[in-house]
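Working notes, structure below.
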């Protein structure tokens with residue numbers, strides 16, 4: 001799987017994480033796009049549309065959600081949760097919007113193939129630039145396990 005084209009919003013993922021949490025998201029080196037793409041954790045981000053659509057998912061995210069990059073970046077982020085979990089997800093995002101980030105999220109997500117998986121210890125943060133403007137939200141998690149029905 002090859003990395004997608006560089007998105008100018010990618011630096012904001014690492015900069016806002018550092019600014020809000022006071023620690024680096026990951027070791028970046030000279031190639032931010034490759035570092036995000038090959039990170040050992042899931043990293044996703046959506047913008048600020050009324051119905052936010054993912055603009056980024058790294059290769060771990062695409063594996064978890066069983067999608068290719070083009071499909072993932074057309075997906076409204078609310079569809080990453082099952083219909084019954086969408087209210088909980090909306091409450092979570094409101095908390096992130098209010099507090100800047102959370103680092104204790106756990107919940108169930110669903111892949112494009114309908115497979116459910118549980119995530120734990122997820123960090124969700126606002127994509128806030130140096131001027132304080134919010135450009136969306138991002139999430140990262142390392143712990144995800146399939147739910148066998």
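The values are calculated or read from the model by the stated rules, or taken from the named source; none is laboratory data. Just so we're clear, the structure is a prediction, and the values are computed from it rather than from any experiment. Every residue, glycine among them, receives a Cβ derived from its backbone with ideal geometry; neighbour counts consider all protein chains shown.
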Matching option when the condition is surrounded by 14 or more Cβ atoms within 10 Å (Cβ to Cβ), under 26 Å from residue 23 (Cβ atoms), more than 13 Å from the chain's Cα centre (by Cα) and modelled with pLDDT of 90 or more, among 100, 57: 100
Top-ranked residue of region 37-51 - restricted to ones that are surrounded by fewer than 17 Cβ atoms within 10 Å (Cβ to Cβ) and over 11 Å from the mean Cα position of the chain (by Cα), ranked as nearest to residue 77 (Cα to Cα): 51
Failed item in (1) surrounded by fewer than 18 Cβ atoms within 10 Å (Cβ to Cβ); (2) under 14 Å from the mean Cα position of the chain (by Cα); (3) at pLDDT 90 or above; (4) within 21 Å of residue 142 (Cα to Cα), with residue 106 passing the rest: (3)
Test result for residue 86, surrounded by fewer than 20 Cβ atoms within 10 Å (Cβ to Cβ), touching a helix residue (DSSP H, G or I) at 6+ places or on another chain (Cβ under 8 Å) and part of a helix (DSSP H, G or I): yes
Number of the exception - residue 124 against (1) at pLDDT below 85; (2) under 16 Å from residue 20 (Cα atoms); (3) touching a helix residue (DSSP H, G or I) at 6+ places or on another chain (Cβ under 8 Å): (1)
Elements of type helices (runs of 4 or more DSSP H) in region 1-73, at least 3 residues being in contact with a strand residue (DSSP E or B) (Cβ under 9 Å, 6 or more places away or on another chain) and under 20 Å from residue 126 (Cα atoms): 10-21
